[in-house]
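The values are calculated or read from the model by the stated rules, or taken from the named source; none is laboratory data. Please read these numbers as outputs of a predicted model, since none were measured by experiment. Don't worry about glycine lacking a Cβ; one is built from the backbone with ideal geometry, like all the others, and counts go over all protein chains shown. Just the protein is used for accessible areas: all its heavy atoms, side chains included, with ligands, DNA and RNA removed. Shrake-Rupley method; radii C 1.70, N 1.55, O 1.52, S 1.80 Å.
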Amino acid sequence: MTATKKSKLWVILLVVILCAITIGSLILAMSFKTTAQKAAEAAAPPPSTVTAEVTKERLRTVTDVICTPGYSGTTNLQPRNIAPNGQYTNIDIVQGEVLRQGSHLADINGSPVIALIGGFSLYRDLHLEDSGPDAELLNNNLQELGLMGNQGATITAETYRALNALYAGFGYPPLKNEDTIPVSGFIVLSEPSTVISAPRSTGDAQTEPLARIAAGTKELLCTGPSGELTPEAQDGQKILFPAFSNTEYTARLTTPTQQQNTDNAPEQARPHNEGAPPVINAPQEKKKLVLNIPEELSTNEGTVRGVLVLQEAPEDQLVVPTSAIFNRNGTDKITLVKGDSEEEIPIQVIFSAEGKSAITAQGHELAPGEHVKIPVGA
């Protein structure tokens, strides 16, 4: 190798070495960081701004209800003042039957028990020339059945004749004018009623009622999923059935009813020896929300789940997440976000439900579609 070639080779080698040293120095310099640089890199990134859109809607608080077709205002069907030895010798009603004025219900010791319609129960045995509200009630029923004319508030011979005509229609022998018209031979209904339970069998008339009855037509009875209505349930609240439609139905609140007795009779007409009805255990009724059966549920015989509206805002309002609201110096506020700018807006909360609040802005034209800031940690 000539001297010239060796010289060129050393030059190239020197250049390579110098390049390597330069690159290594750059890498080393880049990896070296000051304490401030290291602290800055270790710090958490600035928090991002979380926002929510302002909407316009009607807020409401709701709870689930379970609704079943049935009857409200049920009661026992049972005569008053049954003799201690009274026996049902015949039962003449069936479940589902509608009982009306003049319906034959049963026999006690071979004598008929007949339904009347009125505002209170008969409270004594009646005799010829007896007068009073109870006598008038019996006369009115016989007149409305077309069996006699107006006899006022006194039991007359015409009352006996009309009652015997009613008895004859069921195959019973007539009463004589001197015979007692027994109070146990009638049950007064407030209105035509449906037999909603299986009637009892014959036997001791003191042990159980003839059946359970309900006035009116079948309705939708609603209670809570646990079987108890929420204490917040009130008369006039709305129920929806989302699985069927968005229609709202107004419900009425019912409370347990008392079995008819002479408490409804005029005070001055009650004799001291009127006697008490037999003590009979009846199903304990609970408060329910009741409504007419909606058309879309008219063919449904089972339970359906509904939604009870407990409270609601009066109308559609501007709505923001409740978490967007904060209080500063005793004033509720939200932070309105527009691009990179933020503005605190005083507001008034109208209604809150389900994590949202209906608001009105104070001194600002807030509109749906604008965005509000959700504070960190909210």
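Side notes on the structure shown:
- Subset of region 356-371 (residues that are open to solvent by less than 50 Å² (accessible area, probe 1.4 Å) and outside any strand (DSSP E or B)): 364, 366, 367, 369, 370
- Residues (assigned to a strand (DSSP E or B) and open to solvent by less than 40 Å² (accessible area, probe 1.4 Å)) located in region 92-105: 99, 104, 105
- Residue match in region 324-333 (condition: assigned to a loop (DSSP other than H, G, I, E, B), among the small types (Gly, Ala, Ser) and closer than 17 Å to residue 55 by Cβ): no
- Residue in region 181-201 that is outside any loop (DSSP other than H, G, I, E, B) and exposed (fewer than 13 other Cβ atoms within 10 Å of the Cβ) present: no
- Entry remark, region 212-233: residues being closer than 30 Å to residue 91 by Cβ and part of a strand (DSSP E or B) number 6 in total.
- When region 340-355 is filtered for residues that are in a strand (DSSP E or B), open to solvent by less than 80 Å² (accessible area, probe 1.4 Å) and either under 27 Å from residue 309 (Cβ atoms) or free of Cβ contacts under 8 Å to residues at least 12 places away in the same chain (or both), the ones remaining, listed by number, are 341, 347, 349, 350, 351, 352, 353.
- Applying the set (1) touching a helix residue (DSSP H, G or I) at 6+ places or on another chain (Cβ under 7 Å); (2) closer than 25 Å to residue 209 by Cβ; (3) not in a helix (DSSP H, G or I) to residue 148 leaves exactly one unmet item: (2).
- Picking from residues in region 128-176 that are in contact (Cβ under 8 Å) with a residue 24 or more places away in the chain and acidic (Asp, Glu), the one that is nearest to residue 188 (Cα to Cα) is 134.
- In region 138-168, residue surrounded by the fewest Cβ atoms within 10 Å (Cβ to Cβ) [restricted to those that are farther than 14 Å from residue 114 by Cβ, more than 47 Å from the chain's Cα centre (by Cα) and of a type in the set (A, V, I, L, M, F, W, C)]: 157
- Test result for residue 377, at pLDDT below 85 and farther than 30 Å from residue 53 by Cα: no
- The requirement of being in a loop (DSSP other than H, G, I, E, B) and modelled with pLDDT of 90 or more is fulfilled nowhere in region 263-282; no residue meets it.
- Close pairs (6 angstrom Cβ cut-off, 6 or more residues apart or separate chains): modelled with pLDDT under 90 in region 305-328, open to solvent by 90 Å² or more (accessible area, probe 1.4 Å) and of a type outside the set (Gly, Ala, Ser) anywhere: 313/58; 316/56; 316/58
- Exactly one residue out of 108, 82, 117 is more than 19 Å from residue 207 (Cβ to Cβ) and either within 36 Å of the chain's Cα centre (by Cα) or open to solvent by less than 40 Å² (accessible area, probe 1.4 Å) (or both): that is 117.
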